[in-house]
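Since the structure comes first, as structure tokens, the remarks are kept for the end.
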């Protein structure tokens, strides 16, 4: 472990000041990535700032803008939250898949986002719900659409001194639902070979897709939207063949590598299958039958 | 080395401890307080041997910095007994032989205690899923699952 100092601010203003300190400053939420990275010298730090005692970063509640998720809120709080389960079901699915129970009790969704691993399970679910990232920093707060937050593996738009304050997920309309599936070769405690989050908003009278969102994990340098697949769905009457066509189109957005967890070809096939399955789960959750 | 005093309620007793900023909670418990029931296995959050309750929820103490625990409550395996008697979970692991070498057992006892406080009568699938963060290289898990089922039945 490198030598570093530690601070635990209790106000947002204090956190902004500390995060803008000289040297290498690391934001600490759940620590399940950061502390391991520090131990193994994959990241260094002069100062670690524990953001869990800042009330804004523990926020979990809805207002006119939608659901506010403080960046330090742990996965298990979201996994068990009634609103998340009712309105953002894909996020509830994914927060129960990150590591073990011990990890979910600590790991934050905001940390999953800022760690910017292409394989992060929660991120695609935030993307399909059109999440906004609220970034705090020395020159004030700014908002970025989460689709524009990721630059590369482990790389985000956060500048020196900036940190993620919260995520805002607009309230989804009636007759909509989301779902997440990932593939791993065992039942739990693994990193996604590929993951797919889907969101559908259906007109129940005509069964027309009013809005579709699909996002992919572990098949590109960053979490990505499958925009071609969304375009296949939107404005059309939902059917099994339309879902098949969208699932094929989703593969166009996947640019996976071959590595120890799976080949590029295998990952593309997983994207096709998981897209179909998650779209069908969305329909089940909305209560629309084909 | 930046050092600081932290106040932690450990197994019901308030403790003031001088720690280095870079110590983990695991190091603090074992080396600072001599509570060696909590074990270090992988040291990266995979094996669960270091599982403790932090403010009532399971956490890998190897992935908690000591100063994070300031003002919080920690329960280790040494704090699970009730007035010197084995808890129902501990007793069930003894009766079912849910251990062999014993190194992973403290973590399993803490995780099982947390599981049964949330799901008093878990299915076998729920037991295996909720204990997936605790690795045992001896038993093959069957006797551990039986111990959890016994604990649930006798709670």
One computes Rg over Rh for segment A:193-290 from alpha-carbon atoms, with the Kirkwood Rh, and obtains 1.00
Going by the alpha-carbon gyration tensor, a ≥ b ≥ c the square roots of its eigenvalues, is segment B:1-60 rounded (a/c under 1.5) or, if a/c is not under 1.5, prolate (a/b greater than b/c) versus oblate?
oblate
Can you give the mean number of other chain Cβ atoms that lie within 10 Å of the Cβ atoms in peptide B:126-135?
4
Taking A:201, A:129 and counting other C-beta atoms within 10 Å, the order from fewest to most:
A:201, A:129
Given a cut-off of under 8 Å on Cα pairs at least six residues apart, what relative contact order in percent is computed for segment B:1-71?
34
What translational diffusion coefficient, to the nearest whole µm²/s, does segment B:1-108 have by Stokes-Einstein, given a Kirkwood radius computed over alpha-carbon pairs, a temperature of 37 °C and 0.692 mPa s viscosity?
231
Once you've got the GNM for chain A with C-alpha springs shorter than 10 Å, pick whichever of A:62, A:198, A:241 has the biggest mean-square fluctuation.
A:241
Relative contact order for segment B:88-154: what percent, with Cα pairs under 8 Å and sequence separation of 6 or more?
55
Can you give the average number of partner chain beta-carbon atoms within 10 Å of each beta-carbon in peptide A:103-113, as a whole number?
3
Taking each residue in A:95-101, count the Cβ atoms of any other chain within 10 Å of its Cβ, then average. What number comes out?
5
For segment B:111-155 and segment B:64-106, distance of Cα centres in Å:
14
Over chain B, what relative contact order in percent results from Cα pairs under 8 Å that are six or more residues apart?
24
Where a ≥ b ≥ c are root eigenvalues of the Cα gyration tensor, a/c under 1.5 meaning rounded, otherwise prolate if a/b exceeds b/c and oblate otherwise, segment A:140-184 counts as oblate
For segment B:88-154, would you read off the P(r) tail past 20 Å as a percentage of all alpha carbon pairs?
11
Give, in whole angstrom and from largest to smallest, the semi-axes √(5λ) of the equivalent ellipsoid of segment A:5-50, with λ running over the eigenvalues of the Cα gyration tensor.
19, 12, 6
Using a ≥ b ≥ c from the Cα gyration tensor of segment A:114-251 (square roots of the eigenvalues), is it rounded, prolate or oblate, where a/c under 1.5 gives rounded and otherwise the larger of a/b and b/c decides, a/b for prolate?
oblate
Over all pairs of different Cα atoms in segment A:1-143, the reciprocal of the mean inverse distance gives a Kirkwood radius in Å of 15.7
Show me the ranking of peptides A:212-218, B:49-55, A:277-283 by mean Cβ neighbours inside 10 Å, starting with the highest.
A:212-218, B:49-55, A:277-283
Distance between the C-alpha centers of segment A:56-91 and segment B:1-59? Whole Å please.
29
Please arrange A:1, A:19 by how many other C-beta atoms lie within 10 Å of their C-beta, fewest to most.
A:1, A:19
When Rg is the radius of gyration of the Cα atoms in the protein assembly as shown and Rh is its Kirkwood radius, what does Rg/Rh come to?
0.99
Could you put A:257, A:286 in order, starting from the residue whose Cβ has the fewest other Cβ atoms within 10 Å?
A:257, A:286
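Taken together, the values in this text are just the output of simple stated rules run on the coordinates, not laboratory data. In this text, all values refer to a predicted model and were calculated from it rather than measured experimentally. Positions of Cβ are generated from backbone atoms using ideal geometry, with glycine treated the same way; all protein chains shown enter the neighbour counts.
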